[in-house]
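> Below is one structure. I have some questions about it.
The values are calculated or read from the model by the stated rules, or taken from the named source; none is laboratory data. Note that the structure is predicted; figures quoted are calculated from it, not measured. As a convention, Cβ positions derive from the backbone with ideal geometry for all residues, glycine included, and neighbour counts pool all protein chains shown.
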Amino acid sequence: DGGITQSPKYLFRKEGQNVTLSCEQNLNHDAMYWYRQDPGQGLRLIYYSQIVNDFQKGDIAEGYSVSREKKESFPLTVTSAQKNPTAFYLCASGRDGSNQPQHFGDGTRLSIL
Amino acid sequence: DAKTTQPPSMDCAEGRAANLPCNHSTISGNEYVYWYRQIHSQGPQYIIHGLKNNETNEMASLIITEDRKSSTLILPHATLRDTAVYYCIVRPTNTNAGKSTFGDGTTLTVKP
């Protein structure tokens, strides 16, 4: 079945450590997105990519980095510069354009040890 | 980017219609209104979207006012499984289609 796969489902980070969250899609979508969700709040855009080898900062990009080397994959690295990384991270993909819905993965929950 | 305003919470009786309002008074002419819902600890699920005309699919109906400044999502016969957070968002024009803003949404509780 086509869809978006995020892994791992739960992730723990030590202080000063970088961690990478995986997002893979087999929907042949050009655009991919990363969102952060804090408890009881909506989604905030971290980064998005509308085409391979290109990506744009969202509203809260500081302390995060991404790459888009393949159409299917859009990994997110939470760096040690992100001082409050504990959150629920959601990846989405879609055909580019304002008339196209986004499809979301089931998220990765990141916690600090 | 156009912002949306939704009530923080609503209740609905099982089997009745759930009407969820959304204000988007700064929407521009070529921006779509989208609705998603999120069940706890899962990714948001797409429900429906529209530009000017009312839309209906197997999940819901979307009513957009003539001036496009507000819309209503209608779940015609709510079930307990419809309990979720519902997000109304506006998708910006094509060059910034990625920069959708999700507010805090409306928590809908369907009660037996």
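> Just the residues that are under 13 Å from the mean Cα position of the chain (by Cα), under 16 Å from B:Ala17 (Cα atoms) and not β-branched (Val, Ile, Thr), please, taken from the range B:56-74.
Passing the criteria: B:Met59, B:Ala60, B:Ser61, B:Leu62, B:Ser71, B:Leu73.
> Go through A:Asn53, A:Asn18, A:Asn26 for me and flag whichever is touching a Gly at 6+ places or on another chain (Cβ under 7 Å) and in contact (Cβ under 8 Å) with a residue 12 or more places away in the chain.
Details: A:Asn53 fails: touching a Gly at 6+ places or on another chain (Cβ under 7 Å); A:Asn18 fails: touching a Gly at 6+ places or on another chain (Cβ under 7 Å).
None of the other options fit; the residue is A:Asn26.
> Still on this model: Suppose we keep only residues that are aliphatic (A, V, I, L, M) and away from every other protein chain (no Cβ under 14 Å) within the range A:3-32. Which one would you say is nearest to A:Ala81 (Cα to Cα)?
For the range A:3-32, the residue satisfying everything is A:Val19.
> Give, as residue ranges, the strands (runs of 3 or more DSSP E) completely inside the range B:3-74 that count at least 1 residues that are of a type in the set (Lys, Arg) and within 14 Å of another protein chain (Cβ to nearest Cβ).
Hits in the range B:3-74: B:32-38.
Okay, residues lined up against (1) modelled with pLDDT under 95; (2) over 19 Å from B:Lys111 (Cβ atoms); (3) surrounded by fewer than 19 Cβ atoms within 10 Å (Cβ to Cβ); (4) touching a His at 6+ places or on another chain (Cβ under 9 Å):
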position	(1), (2), (3), (4)
B:Ser61	no, yes, yes, no
B:Thr65	no, yes, yes, no
B:Ile74	no, no, yes, no
B:Ala84	no, no, no, yes
B:Thr93	yes, yes, yes, no
B:Asn96	yes, yes, yes, no
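> Can you tell me which residue is nearest to the other protein chains (Cβ to nearest Cβ) among those in the range A:79-94 that are in contact with a Lys or Arg (Cβ under 9 Å, 6 or more places away or on another chain) and in a strand (DSSP E or B)?
Per the criteria, the residue is A:Leu90.
> Out of the range A:79-95, which residues are buried (at least 19 other Cβ atoms within 10 Å of the Cβ), modelled with pLDDT under 95 and not small (Gly, Ala, Ser)?
Matches in the range A:79-95: A:Gln82, A:Pro85.
> Consider the range A:95-113. How many of its residues are more than 8 Å from every other protein chain (Cβ to nearest Cβ) and either among the small types (Gly, Ala, Ser) or touching a His at 6+ places or on another chain (Cβ under 9 Å) (or both)?
Here the count works out to 2.
> Just one of (1) touching a residue at least 12 places away in the same chain (Cβ under 8 Å); (2) in contact with a Leu (Cβ under 7 Å, 6 or more places away or on another chain); (3) closer than 22 Å to A:Arg95 by Cα trips up B:Gly43, so point out which.
The single condition B:Gly43 does not satisfy is (1).
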